[in-house]
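Asks: Handing you a structure now.
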Amino acid sequence: MSKIDICNMALAHLGQEPVSSLGQEDERARRCALFYDPVRKEVLRTHNWAFAGCIQDLALLAKKEGDREAFVYAYPQDCLFLRRVFGKNAGQAAIPFKEVFDPALHTRVILTATDQAKAEYTRDIADETLFDPAFVKAFSLALAADLALALTGDQALAGQMLQKYSWTLEEARRSNMSERVDIHKGRSAFVEAR
């Protein structure tokens, strides 16, 4: 599966001719190139896709004295959606955290009351060869929904694509959840980042 394959799936949902390259001089190719990455990130964020899950130690940036949320951690660069923060081991319960912009560091950070924190999050996966087939189908339908008005001007068609996307996403969620359950604790079976 490639970027062009996914774009052509989206175009096929709309009854449009395929494109051979996103760089070709064609309105379909230009619109696919414009919408592809924002829609990919949006669909990744909508669900705890097993293929995009990650557990990683957070990098401590600062410790604030006298503040209840005393530890400031760097926001993981490849994080699209922060699912939970926990202590030293993955079996621990989630702990409260806040995502904020730190003007002194000029970056987004994570605030929590725990030292040696870890995060469970959805990674920004751009390599199409890693995509789950259910994700590909949902992504192509979401892309088709966004492309529908731009390419056809047909609001009813855009609505149909959005509805198909919603159904496909629900089915993917049911299927994906059965793959992600850890038989020991009922916890997410994410990849530990190294």
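Asks: Is it the case that some residue within segment 61-72 is farther than 22 Å from ARG174 by Cβ, in the same structural domain as MET161 (by TED's automatic domain parsing) and either crowded, with 20+ Cβ neighbours inside 10 Å or modelled with pLDDT of 95 or more (or both)?
Replies: The answer is no, given that none of the residues of segment 61-72 is farther than 22 Å from ARG174 by Cβ, in the same structural domain as MET161 (by TED's automatic domain parsing) and either crowded, with 20+ Cβ neighbours inside 10 Å or modelled with pLDDT of 95 or more (or both).
Asks: Can you tell me which of (1) more than 22 Å from the chain's Cα centre (by Cα); (2) in the same structural domain as ALA62 (by TED's automatic domain parsing); (3) touching a residue at least 12 places away in the same chain (Cβ under 8 Å) is the one ARG108 doesn't meet?
Replies: If we test ARG108 against (1) more than 22 Å from the chain's Cα centre (by Cα); (2) in the same structural domain as ALA62 (by TED's automatic domain parsing); (3) touching a residue at least 12 places away in the same chain (Cβ under 8 Å), just (1) comes out false.
Asks: To continue, here is another question. In the set ALA29, ALA12, which member is hydrophobic (A, V, I, L, M, F, W, C) and exposed (fewer than 14 other Cβ atoms within 10 Å of the Cβ)?
Replies: Being hydrophobic (A, V, I, L, M, F, W, C) and exposed (fewer than 14 other Cβ atoms within 10 Å of the Cβ) holds for just one of ALA29, ALA12, which is ALA12.
Asks: Show the residue pairs that are 6+ apart or on different chains and have beta-carbon atoms under 6 Å apart, the first residue being within segment 1-23 and within 17 Å of ALA145 (Cα to Cα), the second being of a type in the set (S, T, N, Q) and surrounded by 14 or more Cβ atoms within 10 Å (Cβ to Cβ).
Replies: Partner pairs satisfying both residue conditions: ILE6/SER140; MET9/SER140; ALA10/SER140; PRO18/ASN8.
Asks: Determine if segment 56-79 includes at least one residue that is polar (S, T, N, Q) and under 23 Å from ARG40 (Cα atoms).
Replies: Yes.
Asks: Checking the condition of a type in the set (Phe, Trp, Tyr) and closer than 17 Å to LEU60 by Cβ, which residue from PHE131, PHE139, PHE97, PHE101 passes?
Replies: Residue meeting the stated conditions: PHE97.
Asks: Has segment 42-49 got any residue that is over 19 Å from the mean Cα position of the chain (by Cα), charged (D, E, K, R) and more than 11 Å from LEU143 (Cβ to Cβ)?
Replies: Within segment 42-49, none of the residues are over 19 Å from the mean Cα position of the chain (by Cα), charged (D, E, K, R) and more than 11 Å from LEU143 (Cβ to Cβ).
Asks: Moving on. Looking at ILE125, ILE110, which is the one that is farther than 30 Å from CYS32 by Cα, surrounded by 14 or more Cβ atoms within 10 Å (Cβ to Cβ), out of contact with any His (no Cβ under 7 Å at 6 or more places or on another chain) and modelled with pLDDT of 90 or more?
Replies: ILE110
Asks: Quick one: how many residues across segment 1-18 are in a loop (DSSP other than H, G, I, E, B) and among the acidic types (Asp, Glu)?
Replies: Count: 1.
Asks: Let me ask something else about it. Which members of segment 73-88 meet the condition of being in a strand (DSSP E or B) and either basic (Lys, Arg) or surrounded by fewer than 15 Cβ atoms within 10 Å (Cβ to Cβ) (or both)?
Replies: Listed by number, the residues that qualify are ARG83, ARG84.
Asks: Now for a different question. Could you please find all residues in segment 19-45 being out of contact with any Cys (no Cβ under 8 Å at 6 or more places or on another chain) and in a loop (DSSP other than H, G, I, E, B)?
Replies: Correct list: SER20, SER21, GLY23, GLN24, GLU25, ASP26.
Asks: Go through LYS118, LYS88 for me and flag whichever is over 27 Å from TYR36 (Cβ atoms), of a type in the set (D, E, K, R), out of contact with any Ser or Thr (no Cβ under 8 Å at 6 or more places or on another chain) and modelled with pLDDT under 90.
Replies: Just a single option satisfies the conditions, and that option is LYS88.
The values are calculated or read from the model by the stated rules, or taken from the named source; none is laboratory data. Small disclaimer: the values here were computed from a predicted structure and weren't measured. Ideal geometry is used to build each Cβ from the backbone, glycine not excepted, and the neighbour counts take in all protein chains shown.
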